[in-house]
Amino acid sequence: MNLFRRLSNSFDHGVFPHHHKEQTEQLAIQRLPFGKRFVIPLGQHVGAPAKPIVQAGDAVKRGQMIAEPGGFVSVALHSPVTGRVTGVGSERYADGTFQEAIVIEADQYDAQQMEVHPIDWESLSIEAFISEMQKAGIVGLGGAAFPCHVKYAIPDGNKIRYLLINGAECEPYLTNDHRQMVEQTEALLYGAEIVRQKLGAEEIVIGVEKNKPDAIKALQDAIKPGQPIRVMPLEVKYPQGAEKMLIKSVFGVEVPAGKLPRDVEVAVNNVGTIIAIAEYFQTGKPLIERVVTVSGPGVSYPANLIVPLGTSIREVLDYAGGLTDETRQVVLGGPMMGDSIADLDAPMLKGSAGVLALTENETGRPQEYNCIRCGRCVEACPYFLNPARFARLAKARMFEEMAETYKVMDCVECGCCTYSCPSGIPIVQHIRTAKDHLRSMKGKVQ
Amino acid sequence: MGDLGWIFISTLLINNFVLAYFLGLCPFLGVSNKLEVSFRLGLATIFVMVVTALCAWFLNTYVLIHAPYLRLISFIVVIASVVQLIEMAIKKTSPTLFRALGIFLPLITTNCAILGLAIFATNKGYGLWEGLVYALGAGMGFTLAIVLMAGMRQEVEKVNAMPKLIRGFAFNLIISGILSMAFMGFAGLFSSS
Amino acid sequence: MAKEQLAYDEFMKGLWRENPVFVQVLGLCPLLAVTNSAINGLAMGLASFFVLLGSSILVSLFKSYIPKQVRISCFIIIIATFVTVVDYTLAAALPVIHKELGAFIPLIVANCLILGRMEAFASRNTLRMSVADAFGMGAGFLFALVSLGAVREILGVGEIFGFALFGANFEPWVIMILPPGGFITLGVMLLYFNWLEEKKNKIDKQLATEDGVN
Amino acid sequence: MSEDKVEQAAVVADEPSPARLIGTLAIAGLVSGIIIIAIYLATFETIKENKARELREAVFRVLPNVSKMQKLLLKEGKLEVSYKEEKGEEPIYAGYDDNNKFMGYAIPSDGPGFADTISVLYGYRPSDRKVIGMWILASRETPGLGDKIYKDAAFVANFDDLAIEPPIVATKKGKSKPNEIDAITGATISSVAVAKIINKGNDYWVSRLPEPGAEPAYVEVETPPEAEDAQAQ
Amino acid sequence: MTQKDPKLLIQPGPQLRQQMTTPVVMRDVWYALTPATLAGIWFFGLGAFLVLLACIAGAVLVEWYFAPEEKRGYFLGDGTAILTGWLLGLTLPPALPLWMAFLGGVVAVGIGKTIWGGMGANIFNPALVGRAFLLATFPIAMTTWTAPGDFFTIPSSLFALPLMTGVVDTVTQASPLGMMKFEHIDTPFIDLLFGNTSGSLGETSGLLLILGGIYLWWRRDLDWRIPVGIIGTAVIFSLILFMVDADRYPGPVFTVFSGGMLLGAIFMATDPVTSPLTRKGTWIFAIGIGLLVVLIRVFGGFPEGIMYAILLMNAATPLIDMYTQPRVFGRELDQNE
């Protein structure tokens, strides 16, 4: 069994949802026209929220820093447009909650052009490089929005041998990474080289699922002989793009629980992130826009769009032809780990890889039946956890046992279990309940 | 199958003390909610049963032959005292063993499975070795039954789906009934070959 | 009069409200092992009844002379004596039944019901109350044994106390006489008692709210 | 479990003198001993008679036309008449008719059955090497099925005239040879078990029995008064 | 201005679900059982069909009666009660009185499932609980096998009054297992393959049962490890015995194709509710069943052991599950491996 896995370059378990990428995988990336109103939440990345450095009424230029990092694990924010700050206050977020945000009204008469200021990265020390990254506001664009510079701040004693570039894009529907690999191959390789040299890595590996042959080919064609880069085609399987799964698939190494990729001498970055880094050093453009896939059966004209951050989801959807009548649900991110959107006027964030409009067909939930212990979730869980047991224990509110015996805290909520459950049990929700409870208990003890 | 072998298989599976003779039901129904505890109780029971078999053989051979009317009372008194003595000895010599078995020993002594073992072994006219094998089979049969039971009860309590009405003894009895039914499959084992 | 009432209460408590088997679930070993017919249940019930009554009387008479430390040992000796008496009497008077009940007569000693009553009641109450309690508990145990034995005999053999009920073509439910049948029948009977209890509680609650008491 | 609690409680309470404790137990033991011995003595005879009658009934059942019996024990390879209980004895019984003529042996044997050990007593006539009767002393075979080995008259009748050589076989196809018995439908295991138990008894006893004709004679010592009762039955 | 779009649904992720649902799984099992069932009815006549219906009626009635009122449709909708009754029916002799079959259905669902808290909560396979109960209760009726006969002849024993014995008036014949065990008579392989032998009404046709199993495997409703493990173990074990003494012990082919082996291995042991969750646990479970079957068949008192073997391993399943927890990703093998 393990031998087969080894040969097929993949991790154990996982699920095989239909990838649904055919709608957008051949569509070139387009630029979304600038809208009028931009909302930039201060806490859209992992870590401390940024601190605003502008006030209502201030005029801002496109790319100008409008908020500085609120700590080490935090990044700067920049204005996506030239315009005027209309306020700093509470704004609704995609999940329905309110968060502090800077609101900018675009200047309708500005051409929204930016001057090009290449940055000489070769002379930068690693510390300077890291602070540049923080200043540029670059976070992981795969969905988690984890500040990049934190990843690169390697403590003494750790060494990075491999830079692993995540082009797996295992979430169904999403094709933004795919298109970027095809269209921005040069930028990708350039950015990868920057990061490799700065981290002192020996080799760059780009992991790409086999359902993107054109991306694999484009990359292979672009790699010059002698460059320390190789492309690794991977089995099409969810969650191939999860950091630890990708490492397992590519290197056959398991990252120990509670440890980070750097503990196995690997740094992992998303394709989009690397391209953003490349663009920053080539042109001086901080992270103010990203490529977003707008897709799903509820969208009239699916597309891959460059979206200025802070644009409302409604504008993105309108550009793609608006929602059809059958649409039941709009999801920000991929359909497996993304969240339902409560408010279409919420802004696009750094971590929003896709906007998906789903119909009854995709979102309909089977009626919930009792667990029949079929074991599909156990077979699906890439972390070898026992989701069936979690659901059972969570219902009986035996949270401690879940943590102690069954290691519920190791769960990354990839959703494989809920996806595979024929009885329609929302296992991930049960797990989240348990984790929340355990965290609050832990807080109380401390 | 030798005689000793058959005695062992018979008490372990076919004539399981709990599931076929209803002996030791108090701990079987009362203590079987935790697997760990059940297992240790089972081990302690095996131990006490073997000691009991020794005592019973000794009494039968040297004492009761002269005074059969003292059978019941001497079984109770002697077994209880010997177990008490052993408990003290274990406490002194092996604290680890004592922690594992200790608290169960006095509990088990008053258990009807122990007395039943002594009486049945006497009624069947078993000698020393037969008695010991009989005790081992009975103890292991008890352990097997209580461990299976505890596993099932733990699982069932997790599901938490049972109607409230049925929880507790009624339910445990019905599970025991099904388990006993399953053990009927062993009936006739090795008797025909 | 008040005393009469109390004693009667103790009796009814044992027979029904705190029935040793159906409510307290005590003394299961002899209960299940011998109840494959009503007559065996009756014999076992009477034997236990006698032991319980005799030990209760003795214990409650001598309770002030027995030091606490050796209480349990004394109780066991007393009980074992009565059991031996019953054992020999049955063997002499009713050899057939004695053979049927077999090793389970001596096992009355290990019946937690009897030791439990000594400890919990007889050693703390007057002779009169102890007798009432022993009567109640003994009757309750007897009642449980006979009813369980009757159910198992009716279904398992188609007879009750040896009288055929259903005619020649009756298909006996063999399982009822086998161990699993004992477990399941008792389980179902306990279920029935739980159900009665629940129903009664519901009615009590209703009455209480209607009366405005409590 | 309640005992445990009590014991703990007892430890806490203040201690009366050890002499008093031992004294109390001794008195209790003494009284109990007296009662037990009294009841033992009172019932001893009856119980003994009950047992003897039971045995006699069983022996008469497996040996037709027998009215007297005596216990035989194997001592140094020789069968001897015995009257008292001996330790570790493995007795067989000899049956005689009214004229004290030897009629056959009643041999007890046991072995594994379907549920538990089956104890069998069977009658054996050494003159023509035949089993002439069988009775189950104790068994826990399934009611309604396995218990047919003693409840089913037709099955029991199998053993009224049964050759022991070659060893007895239980068959389902109908008895065709003198050493075959008809197995009970649905209780084949129990039927086979009975056959095997008898074979086991024969294996042990047949070679140890004296030559036909040389059986121990009936010794008239003290005819139990119940012999007539049993005969009447 | 910022208002929730009323028609948009908010639900936690993952948003996608695979298409398989529990009722679909149950339906699949129905389809897989159909050929063997039809063969049983064809061989044993309409009476077999009536027995099957009585079982299903008993099972469904209990399920319906004890289901909470507001959930009745839902309880029945999952189709498990019908399946339980159906499976139970397939393990019964075709001439069993209908009232017994009905009682079996009642016990199967009542004691096998409802008291545990309904679907998914039971430890023992309900159909087998029903069968074990019937076998212990009516040992004679449950072991009276009739030979395959005329399609339209319905044995009169079927219509025995409740509580009364049914008199079997059709040709009775020992099952292949019984003949092997007690008389050492082998049954031709072809008969075992197509089911033209006496036996329980759904277990005789090995070929159709295997077809049903393959269908289920193809639909991914069935863990192939269980049947493969059971049959593999039984084959190896019986092969060893067969090589030791070919006259005394049945050969591996006979072991696999006789009695309820295939029905049990493919349809009963694989009941997900009562089998272990993990791969390793599944293997232990299957091998345990395989060993117990041969043990009981060859050395035990019953000709058939698959039912007891499965029930016993069902009882051990919680323990197996507990001790075969998969090693969590990225954690050292700290325990149980």
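The values are calculated or read from the model by the stated rules, or taken from the named source; none is laboratory data. In this text the structure is predicted, and so the values were computed from the model without any measurement. Don't worry about glycine lacking a Cβ; one is built from the backbone with ideal geometry, like all the others, and counts go over all protein chains shown. Just so you know, the surface numbers come from the protein's heavy atoms only, side chains and all, with ligands and any DNA or RNA stripped out. Shrake-Rupley method; radii C 1.70, N 1.55, O 1.52, S 1.80 Å.
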### Query
Roughly what would the spin-label model give for B:H66 and B:L128, points 7 Å off Cα along C-beta, in nm?
2.0
### Task
Calculate, in whole percent, how much of the Cα-Cα pair population of chain B lies beyond 30 Å.
24
### Task
Compute, for C:W195, the solvent-accessible surface of its heavy atoms (probe 1.4 Å) with the complete set of protein chains present, and express it in square angstrom to the nearest 10.
110
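Looking only at other chains, what is the average number of their beta-carbon atoms within 10 angstrom of each beta-carbon in E:279-292?
Values: counts 4, 0, 2, 1, 0, 0, 0, 0, 0, 0, 0, 0, 0, 2.
Whole-number average of other-chain Cβ neighbours for E:279-292 is 1.
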### Query
Leaving out ligands, DNA and RNA, what percent of the accessible area of the stretch A:376-445 is carbon and sulfur, probe 1.4 Å?
57
### Query
Taking the Cα centre of chain D as the origin and placing charges on Cβ (Lys, Arg +1; Asp, Glu -1), which of D:F155, D:A214, D:I47 is farthest toward the positive end of the dipole?
D:F155
#### Entry: Nearby aspartates and glutamates by direct alpha-carbon distance to A:K217 (threshold 14 angstrom, same-chain neighbours under 8 apart not counted)
A:E183, A:E186, A:E209
#### Entry: Angle in degrees between helix E:306-323 and the longest Cα principal axis of chain E, rounded to the nearest 10
30
#### Entry: Interface A:E - total buried accessible surface [probe 1.4 Å, Å², rounded to 100]
5400
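Kindly work out what percent of the DSSP beta bridges joining two residues of the protein assembly as shown are antiparallel, to the nearest 5. Before the final figure, lay out each step's value.
On the way: 72 of 98 bridges.
Counting only bridges with both partners in the protein assembly as shown, antiparallel ones make up about 75 percent.
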## Note on the structure
Answer in debye to the nearest 20: the dipole magnitude of chain C about its Cα centre, from +1 Lys/Arg and -1 Asp/Glu charges placed on Cβ, is 600
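Quick one: which of A:63-75, D:67-79 comes out on top by average Cβ neighbours within 10 Å, and what's the full order, highest first?
Working: A:63-75: 20.2, D:67-79: 16.0.
The densest-packed peptide leads the list: A:63-75, D:67-79.
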### Summary
Phi angles of the stretch A:264-271, converted by Karplus (6.51 cos²θ - 1.76 cosθ + 1.60, θ = phi - 60°) into ³J(HN,Hα) in whole Hz with x for Gly and Pro, give 10, 6, 10, 10, 10, 9, 6, 4
### Query
Rounded to the nearest 0.05, what FRET efficiency do A:A128 and A:D410 have when you use their Cβ-Cβ distance and R0 = 51 Å?
0.90
### Message
Between C:L101, C:L31, C:L196, where does the largest GNM mean-square fluctuation fall for chain C, given springs only between Cα atoms within less than 10 Å?
### Response
C:L196
### Task
Using Cβ-Cβ distances only, list the Cys residues of chain A with no partner cysteine under 4.7 Å, sorted by number.
A:C148, A:C170, A:C371, A:C374, A:C381, A:C411, A:C414, A:C416, A:C421
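In whole percent, how big is the carbon plus sulfur part of the accessible area of the stretch B:145-185, probe 1.4 Å, protein atoms only? Please list the in-between numbers first.
On the way: 570 of 960 Å².
Carbon and sulfur: 59 percent of the exposed surface of the stretch B:145-185.
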### Task
Give a residue-ordered list of calculated ³J(HN,Hα) values for the stretch A:176-182 (Karplus: 6.51 cos²θ - 1.76 cosθ + 1.60, θ = phi - 60°; whole Hz; x for Gly, Pro).
5, 5, 4, 5, 5, 5, 6
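From the cross-link list B:K164/C:K200; D:K71/D:K200; C:K99/D:K48; A:K36/A:K61; A:K135/A:K259, which pairs have alpha carbons spaced over 18 Å apart? Mind showing how you got there, number by number?
Values: B:K164/C:K200 16 Å; D:K71/D:K200 20 Å; C:K99/D:K48 14 Å; A:K36/A:K61 14 Å; A:K135/A:K259 27 Å.
In this structure, D:K71/D:K200; A:K135/A:K259 exceed 18 Å between Cα atoms.
In percent, what relative contact order does chain B have, based on Cα pairs under 8 Å that are 6 or more apart in sequence?
Values: 209 pairs, mean separation 83.7, N = 193.
After rounding, I find 43 percent.
Peptide C:109-122: average number of partner chain Cβ atoms within 10 Å per residue?
On the way: counts 8, 12, 2, 9, 0, 0, 4, 3, 0, 1, 4, 2, 0, 0.
The per-residue average across the peptide is 3.
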## Note on the structure
If each part is reduced to its alpha-carbon centroid, the stretch E:302-332 and the stretch E:161-211 end up apart, in Å, by 30
### Query
Fully extended, how many nm does the chain gain between D:S17 and D:A214 (0.36 nm per residue separation, minus their Cα-Cα distance)?
63.9 nm
### Query
Of D:Y124, D:P143, D:P166, which is farthest along the charge dipole of the stretch D:63-232 in the positive direction, counting Lys and Arg as +1 and Asp and Glu as -1 at C-beta?
D:P166
### Message
If the only charges are +1 at each Lys and Arg Cβ and -1 at each Asp and Glu Cβ, what is the size of the charge dipole of the protein assembly as shown around the Cα centre, to the nearest 20 debye?
### Response
1440
### Message
A drop of at least 50 square angstrom in accessible area, chain alone versus all protein chains together, probe 1.4 Å. Which residues of the stretch C:166-214 meet that?
### Response
C:N169, C:E171, C:W173, C:V174, C:I175, C:L178, C:P179, C:P180, C:F183, C:I184, C:L191
### Task
In whole Hz, with x marking every Gly and Pro, tabulate ³J(HN,Hα) for the stretch E:227-234 from phi via Karplus 6.51 cos²θ - 1.76 cosθ + 1.60, θ = phi - 60°.
x, 5, x, 5, 5, x, 4, 4
### Task
Take peptides C:88-96, E:277-285, B:8-16, E:91-99 and line them up by average Cβ neighbours within 10 Å, highest first, as a rough protection proxy.
E:91-99, B:8-16, E:277-285, C:88-96
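With respect to the cross-link table entries A:K51/A:K151; D:K101/D:K177; D:K75/D:K175; A:K21/A:K350; A:K285/A:K435, which display a Cα-Cα separation exceeding 28 Å?
Details: A:K51/A:K151 21 Å; D:K101/D:K177 30 Å; D:K75/D:K175 38 Å; A:K21/A:K350 22 Å; A:K285/A:K435 39 Å.
Among A:K51/A:K151; D:K101/D:K177; D:K75/D:K175; A:K21/A:K350; A:K285/A:K435, the Cα-Cα distance tops 28 Å for D:K101/D:K177; D:K75/D:K175; A:K285/A:K435.
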### Query
Magnitude of the Cβ-charge dipole of chain A, K/R +1 and D/E -1, about the Cα centre, nearest 20 debye?
1120
#### Entry: Exposure ranking of E:M243, B:M140, E:M20, A:M181 by accessible area [1.4 Å probe, largest first]
E:M243, B:M140, E:M20, A:M181
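Average partner chain C-beta neighbours within 10 Å, per residue of C:25-31?
Values: counts 9, 2, 3, 10, 14, 4, 2.
That works out to 6 on average.
Report relative contact order for chain E in percent, whole number only (criteria: Cα-Cα under 8 Å, sequence separation at least 6).
On the way: 571 pairs, mean separation 57.3, N = 337.
Relative contact order for chain E comes out at 17 percent.
What trypsin sites (Lys or Arg not before Pro) does the stretch A:258-354 have in DSSP loop regions with at most 16 other beta carbons within 10 Å?
Numbers: sites: A:K259, A:R262, A:R290, A:R314, A:R328, A:K350; in loops: A:K259, A:K350.
Within the stretch A:258-354, the qualifying trypsin sites (Lys or Arg not before Pro) (loop, at most 16 other Cβ atoms within 10 Å) are A:K259.
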### Query
Under a 5 Å amide H to amide H cut-off, with H placed in plane at 1.01 Å, what residues pair with A:R37 once short-range neighbours are removed?
A:A106
### Task
Please list the non-local residues whose amide H lies under 5 Å from the amide H of A:I206, H modeled 1.01 Å from N, same-chain partners needing a gap of 5 or more.
A:I165, A:R230, A:V231, A:M232
### Query
Sequence-distant or interchain residues sharing an amide H contact under 5 Å with A:A67, placed H: which?
A:I53, A:L77
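Counting only protein chains, not ligands or nucleic acids, how are A:Y301, B:Y21, A:Y109 ordered by accessible area (probe 1.4 Å), most first?
Numbers: A:Y301 155, B:Y21 20, A:Y109 210 Å².
The most accessible residue leads, giving A:Y109, A:Y301, B:Y21.
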### Helical mean residue ellipticity (222 nm; -39500 (n - 2.57) per DSSP H run of 4+; nearest 500) of the protein assembly as shown
-15000 deg cm²/dmol
### Inter-centroid distance (Cα atoms) of the stretch A:387-402 relative to the stretch A:103-133, Å
49
### Message
As I understand it, the dipole of chain E uses +1 on the Cβ of Lys and Arg and -1 on the Cβ of Asp and Glu, about the Cα centre. Which of E:A36, E:V167, E:I266 lies farthest toward its positive end?
### Response
E:I266
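Using a Förster distance of 22 Å, how high is the FRET efficiency between A:E368 and A:R432, based on the Cβ-Cβ distance and rounded to 0.05? Don't skip to the end; give the middle numbers.
Numbers: r = 16 Å, r/R0 = 0.75.
So the FRET efficiency works out to roughly 0.85.
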### Message
Starting from the 7 Å offset along Cα-to-Cβ, what nm value, one decimal, do you get for the label separation of D:E57 and D:I34?
### Response
3.8
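Could you rank C:V109, B:V78 by how accessible they are, 1.4 Å probe, largest area first? Walk me through the numbers before you get to the answer.
Values: C:V109 20, B:V78 45 Å².
From most accessible down to least: B:V78, C:V109.
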### Task
Using a 1.4 Å probe and ignoring any ligands, DNA or RNA, find the accessible area of A:R92 and quote it in Å² to the nearest 10.
60
### Query
What is the Cα centroid distance between the stretch C:3-62 and the stretch D:135-165, reported in whole angstrom?
39
### Task
Would you kindly find the accessible area of E:T80, with a 1.4 Å probe and non-protein molecules such as ligands, DNA and RNA excluded, rounding to the nearest 10 Å²?
10
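Give the accessible surface of the protein assembly as shown per residue, rounded to a whole number of Å², with probe radius 1.4 Å and ligands, DNA and RNA excluded.
Per-residue value: 40 Å².
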### Message
Take C:L165 and E:T34, extend 7 Å from each Cα along the Cα→Cβ direction, and tell me the distance between the two endpoints in nm.
### Response
4.5
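Hydropathy first: keep DSSP H helices in chain B averaging at least -0.5 on Kyte-Doolittle, then drop any whose Cα extent along the axis falls short of 30 Å, and list what survives.
Working: long enough: B:35-58 (34 Å, 1.80); B:71-93 (32 Å, 1.46); B:128-159 (46 Å, 0.90).
Those that clear 30 Å and a mean of -0.5 are B:35-58, B:71-93, B:128-159.
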